[in-house]
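I have placed the structure first, in the form of structure tokens, so that the comments after it can refer back to it.
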Amino acid sequence: MAILESIPQPTHRSEALDRFLVCGLGSLGQHCVVVLKEFGVKVSAIDVVQPQNWEISGLLDLLEAFLTGDCRRPDILEQAQIRQCRAILLVTSDERVNIEAAFAARLLNPQIYLIVRSAKQNLNELLGRHLGKFVAYEPIQLSATAFALAALSNQALGFFKLEEQLLQVVRYQIQPHDFWCDRWLVHGLNNRNRRVLSHTPRAHLPQPRFYQWEPDTRIRAGDTLVCVEVAEQPASPAGATTRSSRQWRRWSRLVQDLKRGSLRPQIVQFWQVSTQHQIRRVAIICGITILFLLLSGTLLFSAQYPDIGWRNAFFATANLLLGGYGDLFGQLKLSTPTPWWLQLFSFSLTLAGTAFVGILYALLTENLLTSRFQFLAQRPPVPEQDHVVLIGLGRVGQRVAALLQDLRQPMVGITTTSLAQGILPQMPLIVGSLPAALAKANLPAAKSVVVVTEDEVTNLEIGLMAHGANPTGNLVIRAVDSSFSSNLARLFPHAQALLPYALAAEAFAAAAFGENVLSLFRLYNQTVLVTEYRIEASDTLKGLILAEVSYGYGVVPILHQARKAPSKLMPSEDVQLHPGDRLVVLATSNGLQCIERGEMAPRRWQVQIEKAAGQDAIFEGGGIVARVSGCSLSLARNLMHHLPGTLPLPLYKHQAQRLVQELAKVQVLAHQVPLVHDPGDKPSNTSSL
């Protein structure tokens, strides 16, 4: 947990708390340095050799010191002043080196935070329990979510789980017929299951910053809302239960049609469908013919020879259909006289049975052989429309594909080399050269194209080809170099260029300050981190109410858990934080930096209370003032007994407006006024009794 400053005058941290060490200056390491420097701290680095081509120009100028050597060696770590470092980020491409270096760093500095790049989840959990202050991330896993969500190109912007409850970040484009349109103010959408993250009026051209919205703005048609909300869990998985329910509904309809005598339309429809599958149609014709011949022969033999019974007549006919004419009529002298027409019919049965049963044998053999090969390599067909075309199935591509399948998004994968049978077996797959494979992917009807090969130039080439075939589709391109990404964004605004390591670096950097990053997603070209805090006695978060945390730091509290109490999603803004509490927030890197430095936004509003309707209103109003503003109860009671008066504690605009609304509910007249003139502030909002 980060050691935070006090409000409003933050104390300066010691030099030891401002020093961080990054081991491994590959793409991930370089981006980690950049993000750490945005926090205003000192960063040193170690690498085996000095990189020849810097992905981020001028990176050496950001470093306090750069050492070449093995980060596992104690003497190298000592030269990097490991004992004065607050955290070490071990982000080399070799997991073994990262783990060994973590052991060496812990021996030299028992209090240092260990942030390790590793994909071995079981080992990471074990090391976390034994080493303490240990966090491990897999950068591909962190960034794959952003690629998958960018591919969806719809309302869903993010998703994550808290306390086994799925939460989703959703974008709403308000339509004239929507329930919220022209009826609700923005602040009215906040409830126990939802929090507003941003509101963009229709006439607002620039993209808003994270968590910037006016509470008293009425929602109009054309507005854009982004909310985080609790998602409803499906009642049953989409597996066998769904298939069973579909079969049950099909049989139920069949029984109902039998009762009504209306099977003819269903039979016609089934026959029309079967014409699309000629093999099935031939099998149906052969089966019906054989059944007709079997019944006819049974009736004729039982009528001609009443003494043999129905059972013997049936088996005699079946024997003839299976080629048994010689068994019944092969003798020169028959013990039982048989009419010539019955012998001719029996011979016809044998010929027809040989033909039709042979056809059924052939179809059965073909299906068995086909099913054998399909069992070895069976994949679903390519979707026809509204699907995602995923090009490149390396580590990033496979992780993105798995996430899209979890979201039940139709998709098709394209790769130059075949995948093993056990890798994504339910994903439609096209193998071959990338340009030729695009023609087989129903590209013009696709929802999105995601290009995540290892080669940036190939990604650009395939991306431009895909955009030419589908200009209205969503295009997501994996970039490796930050300058390449920025140039691509300026030249081709229709494409989203994402850097996996740049996305993951923000999580690594946040973890270096002791924060536990649970997930991340992209919103308005910003990375939003789902971050967990554990409140300590020395934290500046201690004693604040959630309204102050939310509007002061620009973060969104979405879970609060007091010590030895159950957790609450979308907690009330009036909850006060105490040591031992657990808090999960949505925050950008800038918000985390503000928390780390204790830099809260200025409070620019006051609440003037005019009058109360009676003694009950005075009593209840005092409790509301103390609860919403966070002031002492004695101060609030004194204010309510000396009306009119102004609350001496300045508030944030959202907080002041909520206080005015809560007071109005108990018949207390109040209004909010700006503390200082702010060109961006709206006129004061007055409530009536």
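The values are calculated or read from the model by the stated rules, or taken from the named source; none is laboratory data. In this text the structure is predicted, and so the values were computed from the model without any measurement. Here Cβ is always computed from backbone atoms with ideal geometry, including for glycine, and neighbour counts include all displayed protein chains. The area values use the complete protein model at the heavy-atom level, side chains included, leaving out ligands, DNA and RNA. Shrake-Rupley method; radii C 1.70, N 1.55, O 1.52, S 1.80 Å.
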Exercise. Round to the nearest 10 and report in Å² the accessible area of CYS71, as given by a 1.4 Å probe over the protein chains' heavy atoms.
Key: 10
Exercise. Please label the shape of the stretch 536-649 as rounded, prolate or oblate, based on the square roots a ≥ b ≥ c of the eigenvalues of the alpha-carbon gyration tensor (a/c under 1.5 means rounded; beyond that, a/b larger than b/c means prolate, else oblate).
Key: prolate
Quiz item: Using modelled amide H (1.01 Å from N, peptide plane; none on Pro or chain starts), what sits under 5 Å from the amide H of GLN496, excluding residues fewer than 5 places away?
Solution: LEU475, VAL476, ILE477
Quiz item: Rounded to the nearest 5, what % of the DSSP beta bridges within the stretch 35-179 are antiparallel ones?
Solution: 35
Practice problem: Counting other Cβ atoms within 10 Å, keep those with at most 12, restrict to DSSP loop, and tell me which trypsin sites (Lys or Arg not before Pro) in the stretch 136-199 are left. | Solution: ARG183, ARG192
Practice problem: Enumerate the calculated ³J(HN,Hα) couplings along the stretch 284-300 in order (Karplus 6.51 cos²θ - 1.76 cosθ + 1.60, θ = phi - 60°), each rounded to whole Hz, writing x wherever the residue is Gly or Pro. | Solution: 5, 4, 5, x, 5, 5, 5, 5, 5, 5, 5, 5, 5, x, 4, 5, 5
Quiz item: Considering only DSSP states other than H, G, I, E and B, which chymotrypsin sites (Phe, Trp or Tyr not before Pro) in the stretch 146-181 qualify as loop sites with at most 10 other Cβ atoms within 10 Å?
Solution: PHE179
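Send over a whole-number figure in Å² for the accessible area per residue of the stretch 48-111, probe 1.4 Å.
Numbers: 3490 Å² over 64 residues.
Per residue, the stretch 48-111 has an accessible area of 54 Å².
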Self-check item: GluC sites (Glu not before Pro) within the stretch 389-494, DSSP loop, no more than 13 other Cβ atoms inside 10 Å
Solution: GLU454
Exercise. Give the peptides 63-70, 407-414 in descending order of average Cβ contacts within 10 Å, highest first.
Key: 407-414, 63-70
Quiz item: Per-residue accessible area for ILE423 at 1.4 Å probe radius, Å² rounded to 10?
Solution: 50
Quiz item: When we measure straight from the Cα of LYS120, which aspartates and glutamates land under 17 angstrom away, once same-chain ones fewer than 8 places off are left out?
Solution: ASP94, GLU95, GLU100, GLU138
Quiz prompt | the stretch 543-689: relative contact order in percent, alpha carbon pairs under 8 Å with at least 6 residues between | solution = 23
Practice problem: Could you work out how far apart the two model spin labels at LYS568 and ALA664 are, taking each label as a point 7 Å from the Cα in the direction of the beta carbon, and quote it in nm? | Solution: 2.4
Quiz prompt | Largest to smallest accessible area among SER93, SER486 [probe 1.4 Å] | solution = SER93, SER486
Quiz item: For the stretch 513-671, which whole percent of the accessible surface, found with a 1.4 angstrom probe, sits on carbon and sulfur atoms?
Solution: 50
